[in-house]
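A.B. asks: Below is the structure I would like to discuss, written out as structure tokens.
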Amino acid sequence: MILHPPGSIAVIFCAQRTAQDEEAYTAAANIMSDLAAQQSGYLGQDSVRSENGLGITVSYWKDDAAAKAWRDHPVHTAIREQGRGKWYESYTLHVAEVERSYDWDKPADRKKSGNRKKSMP
């Protein structure tokens, strides 16, 4: 995971999947991830999915204009409509501004003193 600067935008997508057409869903999700990474202002994404189909994807953008441009991208729009039609039972989407960003890693040798911790103001 990487840190994101203050003022960047986090788009938090929480979705409950259906059991329909897993292969097509996976292909579409890969297209979306690859295409998002090519967009101006894209900073990265984190994504997880539980065994029961609940998934959370957080995409990070330089600013709100970049996040909105991704929202309005024609391929994104078309795949979103497919998702509403067959891949999702429900979803929520939240847009938030990053105020601070931190990380922590467990040291490789637990006997070493101190943990590496970085932050962005």
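A.B. asks: Quick check, is Arg49 charged (D, E, K, R), in contact (Cβ under 8 Å) with a residue 12 or more places away in the chain and touching a helix residue (DSSP H, G or I) at 6+ places or on another chain (Cβ under 7 Å)?
C.D. replies: no
A.B. asks: Ok, one more. Take the residues in region 1-50 that are surrounded by fewer than 12 Cβ atoms within 10 Å (Cβ to Cβ) and over 20 Å from Lys86 (Cβ atoms), then tell me which one is modelled with the lowest pLDDT.
C.D. replies: Met1
A.B. asks: Which of the numbered conditions does Asn52 fail, given that it passes all the others? Conditions: (1) part of a loop (DSSP other than H, G, I, E, B); (2) farther than 23 Å from Thr18 by Cα; (3) of a type outside the set (Asp, Glu).
C.D. replies: (2)
A.B. asks: Can you tell me which residue in region 72-90 is nearest to Tyr42 (Cα to Cα), limited to those that are in contact (Cβ under 8 Å) with a residue 60 or more places away in the chain and surrounded by fewer than 17 Cβ atoms within 10 Å (Cβ to Cβ)?
C.D. replies: This residue is Ser90.
A.B. asks: Shifting gears a bit: Quick one: which residue in Ser33, Ser47, Ser40 is hydroxyl-bearing (Ser, Thr, Tyr) and assigned to a loop (DSSP other than H, G, I, E, B)?
C.D. replies: So the residue among Ser33, Ser47, Ser40 that is hydroxyl-bearing (Ser, Thr, Tyr) and assigned to a loop (DSSP other than H, G, I, E, B) is Ser40.
A.B. asks: In region 96-115, is there at least one residue being within 21 Å of Met1 (Cα to Cα), of a type in the set (Asp, Glu) and in a loop (DSSP other than H, G, I, E, B)?
C.D. replies: Within region 96-115, one or more residues are within 21 Å of Met1 (Cα to Cα), of a type in the set (Asp, Glu) and in a loop (DSSP other than H, G, I, E, B).
A.B. asks: Next question, about the same structure. Would you point out the residue of region 91-105, among those that are surrounded by 12 or more Cβ atoms within 10 Å (Cβ to Cβ) and β-branched (Val, Ile, Thr), that is nearest to the chain's Cα centre (by Cα)?
C.D. replies: Val95
A.B. asks: Is it true that some residue in region 24-31 is under 29 Å from Arg100 (Cα atoms) and touching a strand residue (DSSP E or B) at 6+ places or on another chain (Cβ under 7 Å)?
C.D. replies: There is no residue in region 24-31 that is under 29 Å from Arg100 (Cα atoms) and touching a strand residue (DSSP E or B) at 6+ places or on another chain (Cβ under 7 Å).
A.B. asks: Restricting attention to region 69-89, does a residue exist that is within 21 Å of Pro6 (Cα to Cα), charged (D, E, K, R) and touching a Phe, Trp or Tyr at 6+ places or on another chain (Cβ under 9 Å)?
C.D. replies: No, there is no match, as no residue in region 69-89 is within 21 Å of Pro6 (Cα to Cα), charged (D, E, K, R) and touching a Phe, Trp or Tyr at 6+ places or on another chain (Cβ under 9 Å).
The values are calculated or read from the model by the stated rules, or taken from the named source; none is laboratory data. Predicted model only: the values in this text are computed from it and were never measured. We place every Cβ from the backbone using ideal geometry, glycine too, and count neighbours over all the protein chains shown.
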